[in-house]
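> Right, I'll just put the structure down here and ask away after.
The values are calculated or read from the model by the stated rules, or taken from the named source; none is laboratory data. Here the structure is a predicted model, which is why all the values come from computation and not from measurement. Reconstructed Cβ throughout: ideal geometry from the backbone, glycine too, with neighbour counts over all protein chains shown. Just the protein is used for accessible areas: all its heavy atoms, side chains included, with ligands, DNA and RNA removed. Shrake-Rupley method; radii C 1.70, N 1.55, O 1.52, S 1.80 Å.
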Amino acid sequence: MSCWQTVQDYAFRSIGYGERLLPRDDFTLCQQFTLIGSGMIWNIYFGVLALLTGFFLANAIALMKASSNPWLRRPAEWFILIFRGSPLFIQFFLAYFLFQELKQSTGSFSWLTSAWAGALVVLFLNTAAYSAEIFYGALRSVPKGEVEAADAYGMTGWSRFRRIIWPTTLRLAWPAYTNEAIFLFHATTLVFFSGFPAFQQKADALYYANYFADKTFNPFIPYPIVAFYFVLLTLGVIGLFGLANRYLNRHLPQDIRPKLRYRPQIIR
Amino acid sequence: MFSYCSDPSTLSGLTWLSCYLTTPKHAGFYWSFLTVLTLLAVTAPTALAFGFGGAAAARSRIAPLRWFGKSYIAVVRGVPDIAFFLFFVIALDQAFEWLRHQWKCPDWSEPIRQGNDFVVCAAAKLPLGTSEQWVHEVYGFFTAVLTFAIVFGAFSANVLYGAMRAVPKGQIETAEAYGMTRRQTFWRVLVPQMWVYALPGLSNLWMVLIKATPLLFLLGVEDIVYWARELGGSKTPRFTDYPHGDWRLWYFLALLVFYLCFTKLSEVVLERIMKKLTRGQATLGGTV
């Protein structure tokens, strides 16, 4: 079987197209590369959707936490504490059993017990909490002078927030947020190891790598392949966020624009 | 445990619960919390040592050593930690067995990798097929600790590397002006001063390490996640004196609360340490 044939069979195996049966013996390098790459579809799916949706919730929560009204502040603080203070692994398990309970007691919501929706909800809430803390920190370090200047121009309320405070917050938060995005993509590999079942062996990259490692008893091929794909993904994320960073700082002269450097002191 | 527990089927309410929570199986669950704490206690200093080595290597003058240090930091950081956990558990085991194989059975002629099998001679097996159950468990725990230390060593190497570069240049130059050698500068000036720069990163790392401990479950150690799944699953009266439905939700809720308390406590303690360390330093935190 040629490598191209394998690619045709397995490139979309993780989302249910192509050959149903996974290879059982004589594992070729091509098969491993294709299947693990196919699994990356799920990692990207979870990461991108959780980031996009989580971004909006994170901004809302950060604003709530910065609010002086305790009815807004307290829930936001608790939300952040719960999702940042406990392991994602436990959150996945807990959510899975919670959704199962929900399914049994109400008869509906069965879609929440499958990984594509249930795990996405957990990742969405999780990244929202981590990003909210980042945005909150940035919100508090918006220079006073900028806000005073806005006041002097007669800006108030929404227009002051939208035109002055929020852009500066994003600018300040962006390096840390990039870091969060990278670690969120890494966290997507936990999904299929934590309660959420892989229906018909349709799962993410690490699941297939683990499958190969179990079958061949040789970890030195599949895991480096995963590593390779994730390094590519990380570079892609840094590239995209770098573009956004350039856009955010487009008003600054070239040589004093803050550069995105992938040497974060603070990880998730 | 309690005297009234001899016939559980007659009990109800809180007495039932008190008996249920003190069965020998639950003792295993409580001991597994100690496993997690032991892992933390052993891993943290080991990872710090690995990190120190990695950071020192990354800023070494010898090029291959520097490349090694830098790629150690970069590779482990760029890849999901769970991939590393799954990888190292098998890889370390096979590496140890291979080394022992070379040493104990030098005149073995067959290849070690035969198709999908990894075959070493019986004397090189780790742990030996004849050894007792606890040896297997200790060995499993040992590889888990080593795996954690390698992964978190890279993270802390990154933090320490940054901290070493954050020490003001003037300090190093002064040391050189006093005629100290590179080694003396490193140990007498750089290392004592870097900790305050490293602490924010290290405390963050400690939090991440706490939150990574449930991954022990994936490494095959009987940790709290294992026991929560085991004890929480629904039990029929045929197999146990304490039948109940699917309680895994509650067991995992308990784990969540445990982790929340643990991280909160750590946060408070680390805050205190930071305050103590920054006293008298010329930073914003130190002037207060």
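> When you check B:Pro80 against the structure, is it open to solvent by less than 20 Å² (accessible area, probe 1.4 Å), out of contact with any Lys or Arg (no Cβ under 7 Å at 6 or more places or on another chain) and not basic (Lys, Arg), yes or no?
Yes: the conditions hold for B:Pro80.
> Among B:Leu126, B:Leu86, B:Leu99, which is the only one that is over 24 Å from A:Leu206 (Cβ atoms) and touching a residue at least 12 places away in the same chain (Cβ under 8 Å)?
B:Leu126
> What number of residues within the range A:202-225 are in a helix (DSSP H, G or I) and either small (Gly, Ala, Ser) or touching a residue at least 12 places away in the same chain (Cβ under 8 Å) (or both)? Spell out how you get there, then give the answer.
The first filter runs over the range A:202-225 and keeps only residues in a helix (DSSP H, G or I), leaving A:205-216, A:222-225.
From the residues that got through so far, the ones that are either small (Gly, Ala, Ser) or touching a residue at least 12 places away in the same chain (Cβ under 8 Å) (or both) too are A:205-213, A:215-216, A:222-223, A:225.
Final tally of qualifying residues: 14.
> Can you spot a residue in the range B:132-140 that is more than 21 Å from A:Lys215 (Cα to Cα), in contact with a Pro (Cβ under 6 Å, 6 or more places away or on another chain), of a type in the set (A, V, I, L, M) and assigned to a helix (DSSP H, G or I)?
The answer is yes, given that some residue of the range B:132-140 is more than 21 Å from A:Lys215 (Cα to Cα), in contact with a Pro (Cβ under 6 Å, 6 or more places away or on another chain), of a type in the set (A, V, I, L, M) and assigned to a helix (DSSP H, G or I).
> Test each condition in (1) away from chain A (no Cβ under 14 Å); (2) in a helix (DSSP H, G or I) for B:Ala212 and report the one that comes out false.
(1)
> Right, here's the next one. Within the range A:1-105, which helices (runs of 4 or more DSSP H) (wholly inside it) include 3 or more residues that are farther than 24 Å from A:Thr169 by Cβ?
Working: elements: A:3-10, A:29-66, A:70-85.
Because the criterion is at least 3 residues that are farther than 24 Å from A:Thr169 by Cβ, the helices (runs of 4 or more DSSP H) in the range A:1-105 that meet it are A:3-10, A:29-66.
> Among (1) facing another protein chain (nearest Cβ under 7 Å); (2) in contact (Cβ under 8 Å) with a residue 60 or more places away in the chain; (3) of a type in the set (A, V, I, L, M), which single condition is B:Leu231 missing?
Condition (1) is where B:Leu231 drops out.
> Name, by its number, the condition in (1) assigned to a helix (DSSP H, G or I); (2) open to solvent by less than 80 Å² (accessible area, probe 1.4 Å); (3) in contact with a helix residue (DSSP H, G or I) (Cβ under 7 Å, 6 or more places away or on another chain); (4) more than 25 Å from B:Gly140 (Cα to Cα) that does not hold for B:Phe68.
(2)
> Separate question: Please go through (1) without any contact (Cβ under 8 Å) to a residue 40 or more places away in the chain; (2) under 27 Å from A:Ile80 (Cβ atoms); (3) within 14 Å of chain A (Cβ to nearest Cβ) for B:Phe258 and return the number of the only condition it doesn't satisfy.
Only one criterion is unmet by B:Phe258, namely (1).
> Filter the range A:142-201 down to the residues that are outside any loop (DSSP other than H, G, I, E, B), of a type in the set (Ser, Thr, Tyr) and open to solvent by 30 Å² or more (accessible area, probe 1.4 Å) and list them by number.
Keep residues of the range A:142-201 that are outside any loop (DSSP other than H, G, I, E, B), which gives A:144-152, A:157-193, A:199-201.
So of that shortlist, the ones also of a type in the set (Ser, Thr, Tyr) come out as A:159, A:168-169, A:177-178, A:188-189.
Listed by number, the list holds a single entry, A:Ser159.
> Please work out if A:Phe241 is more than 11 Å from chain B (Cβ to nearest Cβ), touching a residue at least 60 places away in the same chain (Cβ under 8 Å) and either closer than 22 Å to A:Phe46 by Cβ or open to solvent by less than 40 Å² (accessible area, probe 1.4 Å) (or both).
Numbers: more than 11 Å from chain B (Cβ to nearest Cβ): yes; touching a residue at least 60 places away in the same chain (Cβ under 8 Å): yes; either closer than 22 Å to A:Phe46 by Cβ or open to solvent by less than 40 Å² (accessible area, probe 1.4 Å) (or both): yes.
Criteria met by A:Phe241.
> Continuing with the same structure: Conditions: (1) within 27 Å of A:Asn179 (Cβ to Cβ); (2) open to solvent by less than 20 Å² (accessible area, probe 1.4 Å). B:His101 meets all but one. Number of the miss?
(1)
> Small (Gly, Ala, Ser), open to solvent by less than 50 Å² (accessible area, probe 1.4 Å) and at the interface with chain B (Cβ under 9 Å from one of its Cβ atoms): is that true of A:Ala209 in this structure?
So A:Ala209 passes the test.
> Which one of these is in contact with a helix residue (DSSP H, G or I) (Cβ under 8 Å, 6 or more places away or on another chain), of a type outside the set (Asp, Glu), more than 30 Å from B:Leu253 (Cα to Cα) and buried (at least 18 other Cβ atoms within 10 Å of the Cβ): B:Val151, B:Val189, B:Val221?
Of B:Val151, B:Val189, B:Val221, the one residue that is in contact with a helix residue (DSSP H, G or I) (Cβ under 8 Å, 6 or more places away or on another chain), of a type outside the set (Asp, Glu), more than 30 Å from B:Leu253 (Cα to Cα) and buried (at least 18 other Cβ atoms within 10 Å of the Cβ) is B:Val189.
> Report yes if A:Pro219 is at the interface with chain B (Cβ under 9 Å from one of its Cβ atoms) and crowded, with 22+ Cβ neighbours inside 10 Å, otherwise no.
yes
> Take the conditions without any contact (Cβ under 8 Å) to a residue 40 or more places away in the chain, at the interface with chain A (Cβ under 10 Å from one of its Cβ atoms) and crowded, with 18+ Cβ neighbours inside 10 Å and apply them to B:Gly201. Does it pass?
Against the criterion (without any contact (Cβ under 8 Å) to a residue 40 or more places away in the chain, at the interface with chain A (Cβ under 10 Å from one of its Cβ atoms) and crowded, with 18+ Cβ neighbours inside 10 Å), B:Gly201 does not qualify.
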